[in-house]
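**Q** First the structure, which I've put down as C-alpha cells, then a few questions once you've had a look.
The values are calculated or read from the model by the stated rules, or taken from the named source; none is laboratory data. What you see is a predicted model; the values in this text were computed from it and never measured. Cβ atoms come from the backbone with ideal geometry, glycine included; neighbour counts cover every protein chain shown. Only protein heavy atoms, including side chains, enter the accessible area calculation; ligands, DNA and RNA are left aside. Shrake-Rupley method; radii C 1.70, N 1.55, O 1.52, S 1.80 Å.
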Amino acid sequence: MTLTIGPLRAEPGQKTRGSLAADLGTTTADVPLILVNGSRPGPRVVITGGVHGGEFIGIDAATHLAGLLEPDDITGQLVICPVANPPAVYGGRLNVSPLDGVNINRIFPGDKEGGPTERMAAWLFEYVVNGADAYVDLHSGGIDQHLLDFVGYRVTSDAELAAKIKAMAHAVGYERVMPRPLPDGGNSHAAANRQGIPGILIETGQLGDRDPATVRRLLDGLYRLLHHLGVIEAPQNLAPVTVQPREWVWTGEIVSPVAGLWYPDAIAGDEVTEGQTIGRVIDPADGTEHKVVAPATGTVIYGMNGLSVRLGMLLAEIAVPRD
C-alpha cells in the first residue's frame, strides 16, 4: 500500500525524504518528513520530535532513527517528523512559539482557522498523525528544565484502547511510567487518544542535553517499542532493560506565585516532603522573597532551572510510585 502525505509518496519497499509547507496564516513552515514504507504490510507508526523548541534529544533521536531504518527492516509503515514545530525549534528554542507565544502542546488537535500555532497543530494532525495505528511524541527537559526520564500516557474509558496505550508505555523500558487520569487537555498524545489512536509521550534528557549516550538511551526505547508494535525485529545490540518499568502517580505541581527570579532548593530526583520549602522567587525590584513549598511528599520529576519565571509558570512536579 502506497504511503502518501501531501505530495510525498513512498511505495512498498521505499524510503522517501522531503518537507511539506504548512500554511500558518501569516507565514509558512517547512516541516521535514521521512516516510519508510516497509517491504511487508503492517501497522503505521508515527513519531514526532521537536514539538517544543530547546528539547534536542527527541529531534536528534528521530533524525538518527530515520537514517538507520530501511524498508527491508520494517513491517508496516513508519512516518518520522523530527521537527514538528519549526517556528519554536528554529526561532524560539522554548516551549512557546515566537510567532504568537503559544505552547503547541496545550492546544492539540488545533484549529485550521486559528492563530499560527493553532494552525501548526491542526496541520500536524491532518497530515501526519491522522491514520496512524500508533503515535509517539518525543520530548525532553528543555534548555532551562531538570527532568527525570519517564513515559507518559493518558487513561481512557475505552478498555481496548487503554490496554494498547498502557502496553506501549511499558514497552519503552523506562523505569518511570506516568499515567494521567483523564484523556482531556491539549497534549498531542491525549488528542490522538481522543481520536482512537494509541499515543504516548516519551521524555528523555534535560537542560537541552544532546549527549550521544542520552540519544542512544532514547533510541533503545524506540527500538523496544517498535518491536512491541511488530514493526521491527529486536536488534541484536539492544541495551538490556536493567530496571523494570513501574507506574507512578502525580501528586502535586508547583507554579510560581509571582513573576521574578527563581532560586530552587530542590531539583529533579530530590525527595521532598509536604510543606518543605523547595525554593524562592525573588522580586528583582525590591528584593521581596516569596517562599515556594511542596504541596505533597514524593520525588521531584520535573524542575525549572531557568532564573526568570513568570506568574503561573510551572516550577516543579512531584510523583510517587503507585505501590
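**Q** For VAL249 and ARG106, compute 0.36 nm times the residue count separating them, minus their Cα-Cα distance, and round to one decimal in nm.
**A** 49.4 nm
**Q** How high is the FRET efficiency from THR277 to ASP211, r the C-beta distance, R0 22 Å, rounded to 0.05?
**A** Step by step, r from the Cβ atoms, then E = 0.10.
**Q** Counting DSSP beta bridges in region 13-129, what percent are antiparallel, to the nearest 5? Intermediate results must be reported in sequence, preceding the final value.
**A** Numbers: 15 of 21 bridges.
If we restrict to bridges inside region 13-129, about 70 percent are antiparallel.
**Q** Taking the Cβ of ARG40 as the center, what net charge do the other residues with Cβ under 14 Å away carry, scoring Lys and Arg +1 and Asp and Glu -1?
**A** For residues surrounding ARG40, the net value is -4.
**Q** Sort GLU233, GLU203 by heavy-atom solvent-accessible area, probe 1.4 angstrom, most to least.
**A** Largest accessible area first, the residues go GLU233, GLU203.
**Q** Tally Lys/Arg at +1 and Asp/Glu at -1 over every other residue whose Cβ is under 13 Å from the Cβ of ALA10; what's the total?
**A** +2
**Q** While we're here: By the gyration tensor of its Cα atoms, with a ≥ b ≥ c the square roots of the eigenvalues, what is the shape of region 107-222: rounded for a/c under 1.5, prolate for a/b over b/c, or oblate?
**A** On the way: a/c = 1.91, a/b = 1.22, b/c = 1.57.
Judged from the Cα gyration tensor, region 107-222 comes out oblate (a/c at least 1.5, b/c at or above a/b).
**Q** Here's something else I'd like to know. Considering only the chain, what is the antiparallel percent among its DSSP beta bridges, to the nearest 5?
**A** If I count the DSSP bridges inside the chain, around 70 percent turn out antiparallel.
**Q** For the chain, take the convex hull of the Cα atoms, compute a quarter of its surface area, and give me that in nm², please. The partial results should precede the final answer.
**A** Numbers: hull surface 66.0 nm².
Over all viewing directions, the chain projects a mean Cα-hull area of 16.5 nm².
**Q** Can you show me the helix-derived [θ] at 222 nm for the chain, built from DSSP H runs with n ≥ 4 at -39,500 (n - 2.57) apiece and divided by the number of residues, rounded to the nearest 500.
**A** Counting only the DSSP helices, I get -5500 deg cm²/dmol.
**Q** When only Cα pairs under 8 Å and 6 or more residues apart are kept, what is the percent relative contact order across region 1-79?
**A** Value for region 1-79: 33 percent.
**Q** Just to confirm, what accessible area per residue do you get for region 1-117 at 1.4 Å probe, in whole Å²?
**A** Numbers: 4640 Å² over 117 residues.
That works out to 40 Å² for each residue.
**Q** If you average the sequence gap of Cα pairs under 8 Å that are 6 or more apart and divide by the length of region 146-199, what percent do you get for the contact order?
**A** Relative contact order for region 146-199 comes out at 42 percent.
**Q** Might you work out the accessible area of ARG322 for me, using a 1.4 Å probe with all protein chains in place, and round it to the nearest 10 Å²?
**A** Surface accessible to solvent at ARG322 totals approximately 140 Å².
**Q** Tell me the relative contact order for the chain as a rounded percent, counting alpha carbon contacts under 8 Å between residues six or more apart.
**A** Numbers: 863 pairs, mean separation 48.7, N = 323.
Result for the chain is 15 percent.
**Q** As a test question: what accessible area, to the nearest 10 Å², does THR117 have when a 1.4 Å probe is rolled over all protein chains in place?
**A** Taking all protein chains as shown, THR117 has close to 0 Å².
**Q** Still on this structure, please answer the following. Could you estimate the translational diffusion coefficient of region 77-172 from the Stokes-Einstein equation, with Rh from the Kirkwood formula over C-alpha pairs, at 10 °C and 1.306 mPa s, in whole µm²/s?
**A** Roughly 105 µm²/s, to the nearest whole number.
**Q** Tell me the carbon and sulfur percent of the accessible area for the chain, rounded to whole percent, probe radius 1.4 Å.
**A** 51 percent
**Q** Working out 0.36 nm times the residue gap between THR4 and GLU175, then minus their Cα-Cα distance, what length gain in nm do you get to one decimal?
**A** Roughly 57.9 nm would be gained on extension.
**Q** Give, in nm to one decimal, the length gained when the segment between ASP30 and VAL258 is fully stretched (0.36 nm per residue of separation minus the Cα-Cα distance).
**A** That works out to 78.4 nm of additional length.
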